[in-house]
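The structure appears below as structure tokens.
The values are calculated or read from the model by the stated rules, or taken from the named source; none is laboratory data. If you're wondering where the values come from, they're calculated on a predicted model, not measured in any experiment. Positions of Cβ are backbone-derived with ideal geometry, glycine not excepted, and every protein chain shown enters the neighbour counts. Keep in mind that these areas ignore ligands, DNA and RNA; they rest on the heavy atoms of the full protein, side chains included. Shrake-Rupley method; radii C 1.70, N 1.55, O 1.52, S 1.80 Å.
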Amino acid sequence: MAEELVLERCDLELEANGRDHHTADLCREKLVVRRGQAFRLTLHFKGRNYEASVDSLTFSVTTGPASSKEAGTRARFPLSDAVEEGAWTAKVVDQQDSALSLQLSTPPNAPIGLYRLSLEASTGYQGSSFVLGHFILLFNPWCAEDSVYLDSDEERQEYILTQHGFIYQGSAKFINNIPWNFGQFEDGILDICLLLLDKNPKFLRDAGRDCSRRSSPVYVGRVVSGMVNCNDDQGVLLGRWDNNYGDGISPMFWIGSVDILRRWKSSGCQRVKYGQCWVFAAVACTVLRCLGIPTRVVTNYNSAHDQNSNLLIEYFRNEFGEIQGDKSEMIWNFHCWVESWMSRPDLQPGYEGWQALDPTPQEKSEGTYCCGPVPVRAIKEGDLSTKYDAPFVFAEVNADVVDWIRQEDGSMHKSINHSLVVGLKISTKSVGRDQRQDITHTYKYPEGSPEEREAFKRANHLNKLTTDKENTGMAMRIRVSQSMSMGSDFDVFAYITNNTSEEHACHLLLCARIVSYNGILGPECGTKDLLNLSLAPFSEKSVPLRILYEKYCDCLTESNLIKVRGLLTEPAVNSYLLAERDIYLENPEIKIRILGEPKQKRKLVAEVSLRNPLTTPLSNCIFTVEGAGLTEEQKVVEIPDPVEAGEEAKVRVDLLPLHVGRHKLVVNFESDKLKAVKGFRNVIVGPA
């Protein structure tokens, strides 16, 4: 009788598996593989090797604390030459001396997460069990049978493997890109993402069911949407929008997700202060890419927050055009969410592909502050019965805006405001390039097209179908100067057109106020009141308003936004024309020089500088620098002395590139008068 088979050790082939599964950056200390794809391991036996005629090997995998075969979280499978598609299988690929090389295959619909792998070896009546180790299973966009399959290699590179990108801010008329370090493969991030799943309330209520449902990217996406905010749970970020961030970190100061997720973990999963929409979206993007779901951050300009799902935002204003009363329904200057790529077997055919997910806590969905996933195609078609949260997302890009002007006698007058269109220039980063891609057409049909009208009918968007295109023959819009940079004085103009054959006697009120990106107004920084403005027939008039740095310098928020409002009234006929425009003030440029030739595992120095554009000194100057593959952790460098007007703030930062390839160094600068200035530099690292 053959002696008992004794396992000496198990080699999980980290390097080869990491290369084959696009998880090399994650496979340094543990095995991380993607489902639906075979991985290798080698068993080394003591004394004698495996003999198929006398030995029987059976493998077991389990995930979660309450695993079961029925839930798909436990499986037993023998070493066999028989190939069974879509199942857990193991087969021999090579045998030499005391080493047995095996190939294990995983189902393309297996739950993702941390697995325990064990072996039962039996020879005749003798048997023994061995724990071979643990591995992490991820979604697999390279596998055609996986529900997150993406058939473009360039898109897989961008939406799974790229650790840096851009998020778009500013205004629809001046789109500003800020660099972001997603860092989904940085040390410890995968473990934090799995911890985030284990902290979600559904896991705490029923761990077995939650782990089983992790086979679905729809389910995982919805969980992540809820866990990135902390409104219902031990989620990652606390949102705040009132410009009082003294007991935390201003949302504008973050430049990457890694620091946020590490802070959450190191604090015992206490909420990190503070986030706003792009921070919530960027952290969700990091988590979803890390877990293997193709994801991108999207920005919608003039984004509606419609609480009651009537697809209408009504502004009630006083006689000066200032918004009065409830401000819970607003037009946000911009709003960010994410899109994730997946099939939707729970919906009708045609709704696979990009799904909108919004982790910013705005409205509850099934009792939890989360939103989506909802197919972008369903939003375009006006199919508002589609899961999940289609009416809210549809309103974000399609709601109507009505302005009512209240007179001193209490009467209300509807004003015409053609300057505000909801859902403009929906933007994301281009694939493989540092450019903006406009994806508005994926959410909306062309304005005025028959397809748009059909979508509005389907959505019961009665406002759009009966919109009063009233035209009095008078028009007004706000125009701006060529350059509006931080620290400068500049002019804006009310440009008024009289297209009638009659003279009009009007009253023009021009006002500039600080505004946050979510539409909340701050102090006034410029005003002009023309009581007697005469407009000749078929004429045009441009009325300037000077905005001075001394008026906005102390109250501008980190959004760098000023709202200019023009209200043109014609008392004789009770006519009101309203025009608004959000102005973004450009920050100075951060310059980054790389000193030396970037080589793998060779020290490198980055020189980072910014010239003070103001007429006054800058104090409390701080540069924050990070970059996946370039710095192990965020680096913060303070400048002790004030930086005089026109002078440069300059620091040097040591880098240690760990990987060959294209990386992005991301920088934030803050001071007493200049806040949240962003910069970046692409760094191509060659082999040592």
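The set of residues from the stretch 75-91 being assigned to a strand (DSSP E or B) and either surrounded by fewer than 18 Cβ atoms within 10 Å (Cβ to Cβ) or touching a Pro at 6+ places or on another chain (Cβ under 7 Å) (or both) comprises Arg76, Phe77, Pro78, Lys91. Number of residues in the stretch 424-451 that are farther than 12 Å from Ile175 by Cα and surrounded by 15 or more Cβ atoms within 10 Å (Cβ to Cβ) equals 8.
Among residues of the stretch 192-209 being part of a helix (DSSP H, G or I) and free of Cβ contacts under 8 Å to residues at least 12 places away in the same chain, the one that is least open to solvent (accessible area, probe 1.4 Å) is Phe203.
Return the residue satisfying two criteria in turn: it lies in the stretch 576-625 and is of a type in the set (Lys, Arg) and over 19 Å from Arg681 (Cβ atoms), and of such residues it is surrounded by the fewest Cβ atoms within 10 Å (Cβ to Cβ).
Looking only at the stretch 576-625, we keep the residues that are of a type in the set (Lys, Arg), and these are 581, 591, 593, 599, 601-603, 611.
Still in the running and over 19 Å from Arg681 (Cβ atoms): 581, 601.
Values: Arg581: 21, Lys601: 12.
Step by step, filter the stretch 576-625, then rank; the result is Lys601.
Arg213 meets all of the listed conditions (1) farther than 20 Å from Arg344 by Cβ; (2) open to solvent by 40 Å² or more (accessible area, probe 1.4 Å); (3) touching a residue at least 40 places away in the same chain (Cβ under 8 Å) but one, namely (1).
Taken together, Ile160, Ile178 contain a single residue that is aliphatic (A, V, I, L, M), crowded, with 20+ Cβ neighbours inside 10 Å and not in a strand (DSSP E or B), which is Ile160. Among the residues of the stretch 155-207, the one identified as over 20 Å from Ile293 (Cβ atoms), in contact with a Gly (Cβ under 7 Å, 6 or more places away or on another chain) and not small (Gly, Ala, Ser) is Asn176. Just wondering, is there one or more residues in the stretch 315-324 that are touching a residue at least 60 places away in the same chain (Cβ under 8 Å), of a type in the set (Gly, Ala, Ser) and open to solvent by less than 20 Å² (accessible area, probe 1.4 Å)? There is at least one residue in the stretch 315-324 that is touching a residue at least 60 places away in the same chain (Cβ under 8 Å), of a type in the set (Gly, Ala, Ser) and open to solvent by less than 20 Å² (accessible area, probe 1.4 Å). The condition (being open to solvent by less than 20 Å² (accessible area, probe 1.4 Å) and of a type in the set (A, V, I, L, M)) is satisfied by just one residue among Val393, Val421, Val402: Val393. Being within 19 Å of Ser485 (Cα to Cα), open to solvent by 70 Å² or more (accessible area, probe 1.4 Å) and acidic (Asp, Glu) is a property that holds for Glu647. Among the candidates Lys387, Lys414, Lys380, the residue that is assigned to a loop (DSSP other than H, G, I, E, B), surrounded by fewer than 23 Cβ atoms within 10 Å (Cβ to Cβ) and among the basic types (Lys, Arg) is uniquely Lys387.
For Gly256, the conditions (1) farther than 22 Å from Glu366 by Cβ; (2) surrounded by fewer than 24 Cβ atoms within 10 Å (Cβ to Cβ); (3) in contact with a strand residue (DSSP E or B) (Cβ under 7 Å, 6 or more places away or on another chain) all hold with the exception of (2). Residue by residue through the stretch 671-688, note down the ones that are touching an Asp or Glu at 6+ places or on another chain (Cβ under 8 Å), open to solvent by less than 70 Å² (accessible area, probe 1.4 Å) and under 30 Å from Thr557 (Cα atoms). Scanning the stretch 671-688 gives Ala676, Val677, Gly679, Asn682. Any idea which residue in the stretch 526-568 is least open to solvent (accessible area, probe 1.4 Å), counting only those that are among the small types (Gly, Ala, Ser) and more than 22 Å from Asn243 (Cβ to Cβ)? Once the filter is applied, the top-ranked residue is Gly566.
Do you know which residues across the stretch 631-667 are farther than 22 Å from Pro598 by Cα and of a type outside the set (Asp, Glu)? Full working, then the answer.
To start, the set of residues in the stretch 631-667 that are farther than 22 Å from Pro598 by Cα comprises 638-649.
Scanning the stretch 631-667 gives Ile639, Pro640, Pro642, Val643, Ala645, Gly646, Ala649.
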